[in-house]
Amino acid sequence: MLREQQRGAPPQIEALDGSETLVTITIGGNDAGYVPLLMAATLPGVLRRLPAVAALLDRGQREQALGGVEAALRAVGAAVRERAPRARVFFVDYLTLLPPAGVRAGRLPQEVTELARYVADGLERHTAAAAAATGCELVRAGQASREHHPWSAQPWTVGAGLPLPWRPWPFHPNAAGMAAVAELVAAQWAGRA
């Protein structure tokens, strides 16, 4: 977001020109390997043993990755506040991707769901801390979506499956989830949160 191009586009921070009144930020999951570890867990066992895939499923490596997330989030929050000084800046944490402890997550191995819950909890804590440290606001999408995981009656995210052109990517928000996040942001903006 601050330094790297994505698909040939300049870093996202460069889109801010100071005229903004609202900036939302949802980041950190890729740095922590959150969705990649869930995607890796859906692979056949033989592929999960490949070194790059096994690294995604390794608790020690996920803990190490989580260790750097808060500093990165703080850097982004500070940079956004500097480039958009009149804007309200909302960190929006991640929607829930897994059912609560004790509930099966489809065919995902139990040890992976426990690790992913640990990563999700860490992301929520680090996002909240970074928002507070940088004078940004926090939209708690994770908390609001606890009962809307992929295996629930009204999911806001998509579970495991093939990435197909007509559906959201696995372990990403669906249309209901995006609408819910928009409502959460609107409520925060209006002071109803």
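A short reminder: the numbers here are calculations on the coordinates, not readings from a lab. No experiment lies behind these values; they were computed from the predicted model shown. With ideal geometry, Cβ positions are generated from the backbone for all residues, glycine too; neighbour counts draw on all protein chains shown.
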Candidates S152, S145, filtered to the one that is more than 24 Å from A65 (Cα to Cα), surrounded by fewer than 20 Cβ atoms within 10 Å (Cβ to Cβ), in contact (Cβ under 8 Å) with a residue 12 or more places away in the chain and hydroxyl-bearing (S, T, Y): S152
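Yes or no, residue by residue, for (1) touching a strand residue (DSSP E or B) at 6+ places or on another chain (Cβ under 9 Å); (2) closer than 19 Å to L57 by Cβ; (3) of a type in the set (S, T, N, Q):
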site	(1), (2), (3)
D121	no, yes, no
E137	yes, no, no
R167	no, no, no
N174	yes, no, yes
V185	yes, no, no
Could you figure out which of (1) of a type in the set (D, E, K, R); (2) without any contact (Cβ under 8 Å) to a residue 24 or more places away in the chain; (3) crowded, with 16+ Cβ neighbours inside 10 Å; (4) farther than 21 Å from A32 by Cβ isn't true of E137? (2)
Given the conditions (1) without any contact (Cβ under 8 Å) to a residue 40 or more places away in the chain; (2) over 22 Å from L162 (Cβ atoms), every one holds for L16 apart from (1)
Go through R104, R62 for me and flag whichever is closer than 29 Å to H148 by Cα, in contact with a Phe, Trp or Tyr (Cβ under 8 Å, 6 or more places away or on another chain) and surrounded by fewer than 16 Cβ atoms within 10 Å (Cβ to Cβ). R104
Of all helices (runs of 4 or more DSSP H) completely enclosed by the stretch 1-54, which ones contain at least 3 residues that are exposed (fewer than 15 other Cβ atoms within 10 Å of the Cβ)? 45-48
